[in-house]
Amino acid sequence: MHPKNKNRWRTRVAALLLIFGPVSLGAGFAQDAAPALELPDHTGQLLRLADYRGRVVVLNFWATWCGPCAAEMPIFVDAQRRFGPQGVVVLAASLDAAETKGNIPEFMRKRKLNFPVLVDATVDHLQLFGMGEALPGTVFLDTEGRIFARILGPAKKRDVFARVEWLLGDRSGKEPKPLLGSLPKPR
């Protein structure tokens, strides 16, 4: 195959993946049982995602060195404050490595985080939840522990709140899309 044709073929495949990849990813993963997740919180206590069955869970993957992650944290503080009394729990799983893990307590204090912060998450955890390899990312779980939706990349307050409200039973509007954002382009 001529190199020029090879590049055209690759471009077409990449375009198809960008167009149809997010749709199929969302449709294929929505309502799947969430993978098992056990991580210590910032105090060392082991938390299991399965322990939150019966509650709506908003699981955010982040790191202290991630600017967009820091920018979206107030959304999750607001979500926990507003929806916590209705049984919703926000969990923040940090991908900070050993070199930056020590920054977590200060990050939490500065942003007044009012929800459990898990540590020692990895890119493998992101991938188990269908989140690719980029931060930030957010997964929404229903009360049965099934994945309802994902946001790849920075979250907007209206998108987070719409998904939580839908899971809590406010089905007055259109059902939120199961996937917002897209996976980064392959290198």
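Ranked by how many other Cβ atoms sit within 10 Å of their own Cβ, fewest first, the residues 131, 73 fall in the order 73, 131. Pick out, from 122, 103, 80, the residue whose Cα sits farthest towards the positive end of the charge dipole of region 31-128, with +1 on the Cβ of Lys and Arg and -1 on the Cβ of Asp and Glu. Working it through, the farthest residue towards the positive pole turns out to be 80. With respect to the cross-link table entries 101/156; 112/174; 110/157; 110/174, which display a Cα-Cα separation exceeding 31 Å? The answer is 112/174; 110/174. Each of 157, 112 was scored by other Cβ atoms within 10 Å of its Cβ. Listed from fewest to most, they are 112, 157. Within region 49-77, what residues put their amide N at less than 19 Å from the label point 7 Å along the Cα-to-Cβ vector of residue 156? Once the point is set 7 Å along Cα→Cβ of residue 156, 68-77 turn out to lie under 19 Å by backbone N, inside region 49-77.
Cβ crowding within 10 Å ranks 72, 38 as 38, 72, fewest other Cβ atoms first.
FYI, it's all coordinate maths here, none of it is from the lab. Computed from a prediction, not measured in an experiment: that's the story for all the values here. Using ideal geometry, Cβ is built from the backbone for each residue, glycine included, and neighbour counts are taken over all protein chains shown.
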